[in-house]
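Trainee: Have a look at this one before I ask anything.
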Amino acid sequence: MKELEKRNLPDVLRMNDGSCVQGAAQWSMRRKEIMEILKTELFGTLPRCEYTWQCEVEREENHYYHGGKSLIRIARMDVTINEKFFSWKFHYSLPKSEKPVPVFLMPTFTKLLPVDSIPTEEICDNGFGITNFDYQSISTDDGDFTNALSGLFYPDGARETHDGGKITVWAWAVMRMMDYLTTVPEIDKDRIYIVGHSRLGKTA
């Protein structure tokens, strides 16, 4: 507790008004407070704006992939924000199954196809699907907020103190992909798991 006080970190089990959390119902309220703290102090929030999205499968291979055991699709996500358009591509691999399968959604540091960069065959052999995309196809990993998807949120590249940064922009893109994956019949929409490493772990 002394270390928390020294770092000026909030007490997880104490409400913003100073009262202690008593029971599950109050914890639900405290969780919302913590989420607001994280958004304000750590990740930031993106400007509120109207948006639309649509996704199209550009190519599918289901005869030879993993010896015919799996299928791979290359899809394109299109988003419009404040009447400005942006799109990016991603891949997803699914085991052939009679019932919807759980899927990992994974932003990655590589532009390679998933079969070349992660063990997709082993993942599919264990009954899971895997979706991945190059995180820099969403926005470059630097301080430039005028390019790609960032430019739709920050047309002049300028941000206020509590505005979201690149991690928040990448996470917004992941959420739109999740919106799409919940519509794919072969995917169990209640078991989509977002995973990542390093800054992409923070994105997840």
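Trainee: Rounded to two decimals, what is Rg over Rh for the stretch 143-203 when you use alpha-carbon atoms and the Kirkwood radius?
Mentor: Dividing the radius of gyration by the Kirkwood radius yields 1.07.
Trainee: How many percent of the accessible area of the chain is carbon or sulfur, using a 1.4 Å probe?
Mentor: 52 percent
Trainee: Compute the convex hull volume of the Cα atoms of the stretch 1-56, divide it by the residue count, and report the result per residue in Å³ as a whole number.
Mentor: That works out to 158 Å³ per residue.
Trainee: Accessible surface of ILE74 in the full protein assembly, 1.4 angstrom probe, to the nearest 10 Å²?
Mentor: Estimated to the nearest 10 Å², ILE74 gives 30 Å².
Trainee: Another one. Stretched out fully, how many nm does the piece from TRP27 to VAL195 gain, at 0.36 nm a residue minus the Cα gap?
Mentor: Length difference between fully extended and current span is 57.9 nm.
Trainee: Given Cα pairs under 8 Å that are at least 6 residues apart, what percent is the relative contact order of the chain?
Mentor: Once normalised by length, the contact order is 18 percent.
Trainee: Students often get this wrong, so check it: of LYS84/LYS189; LYS39/LYS89; LYS2/LYS202; LYS32/LYS202; LYS89/LYS166; LYS69/LYS99, which have C-alpha atoms separated by over 21 Å?
Mentor: LYS84/LYS189; LYS39/LYS89; LYS2/LYS202
Trainee: Could you work out how far apart the two model spin labels at ASN82 and ILE34 are, taking each label as a point 7 Å from the Cα in the direction of the beta carbon, and quote it in nm?
Mentor: The answer from the label model is 3.4 nm.
Trainee: Taking only Cα atoms and a 10 Å spring cutoff, compute GNM fluctuations for the chain and point out the largest among LEU13, LEU152, LEU94.
Mentor: Greatest mean-square fluctuation among the candidates belongs to LEU13.
Trainee: Compute the distance from the alpha-carbon center of the stretch 54-88 to that of the stretch 168-186, in whole Å.
Mentor: 12 Å
Trainee: For the chain, modelled as a Gaussian network with Cα springs under 10 Å, which listed residue fluctuates most, GLY127, GLY157, GLY18?
Mentor: Largest GNM mean-square fluctuation: GLY18.
Trainee: Could I ask something else about it? Select from ASP190, ASP141, ASP163 the residue whose mean-square fluctuation is largest in a Gaussian network model of the chain (Cα-Cα springs shorter than 10 Å).
Mentor: ASP190
Trainee: What 222 nm value per residue comes from the helices of the chain, counting each DSSP H run with n ≥ 4 as -39,500 (n - 2.57) and dividing by all residues, nearest 500 deg cm²/dmol? Could the numbers behind the result be given before it?
Mentor: Values: 7 runs with 59 residues, N = 204.
Taking each H run of at least 4 residues, the total per residue is -8000 deg cm²/dmol.
Trainee: Here's another thing I want to ask about it. When only the heavy atoms of the protein chains count and the probe is 1.4 Å, how do ASP142, ASP179, ASP78 rank by accessible area, highest first?
Mentor: Putting ASP142, ASP179, ASP78 in descending order of accessible area: ASP142, ASP179, ASP78.
Trainee: Just from the alpha-carbon atoms, what are the Rg and Dmax of the chain in angstroms?
Mentor: Spelled out, the Cα radius of gyration and Dmax of the chain are 19.8, 61 Å.
Trainee: How much net charge surrounds ALA171 when only other residues with a Cβ under 15 Å from its Cβ are counted (Lys, Arg +1; Asp, Glu -1)? Before the final figure, lay out the partial values.
Mentor: Values: positive: LYS39, LYS166, ARG176, ARG199, LYS202; negative: ASP141, ASP163, ASP179.
Charge balance in the 15 Å sphere: +2.
Trainee: Got a sec? Which residues in the stretch 163-204 would a label at GLU58 touch, if it sits 7 Å along Cα→Cβ and we count backbone N under 17 Å?
Mentor: 177
Trainee: Take every DSSP beta bridge with both residues inside the chain and express the antiparallel ones as a percent of the total, to the nearest 5.
Mentor: The antiparallel fraction comes to roughly 70 percent.
Trainee: Could you sort CYS124, CYS20, CYS49 by their accessible area in this structure, using a 1.4 Å probe and putting the largest first? Intermediate values should be presented prior to the final figure.
Mentor: On the way: CYS124 5, CYS20 60, CYS49 35 Å².
Highest to lowest solvent-accessible surface, that is CYS20, CYS49, CYS124.
Trainee: For every other residue with a beta carbon closer than 11 angstrom to the beta carbon of GLU58, add +1 if it is Lys or Arg and -1 if Asp or Glu, then tell me the sum. List each step's numbers first, then the result.
Mentor: Working: positive: ARG59, ARG73, ARG76, LYS89; negative: GLU56, GLU60.
The answer is +2.
Trainee: Shifting gears a bit: Give me the net charge of PRO100's neighbourhood, meaning all other residues with Cβ under 10 Å from the Cβ of PRO100; Lys, Arg count +1, Asp, Glu -1.
Mentor: Value of the local net charge: -1.
The values are calculated or read from the model by the stated rules, or taken from the named source; none is laboratory data. In this text, all values refer to a predicted model and were calculated from it rather than measured experimentally. A quick note on method: Cβ atoms are made from the backbone with ideal geometry, for glycine too, and the neighbour counts reach across all protein chains shown. For accessibility, only protein heavy atoms count, side chains too; no ligands or nucleic acids. Shrake-Rupley method; radii C 1.70, N 1.55, O 1.52, S 1.80 Å.
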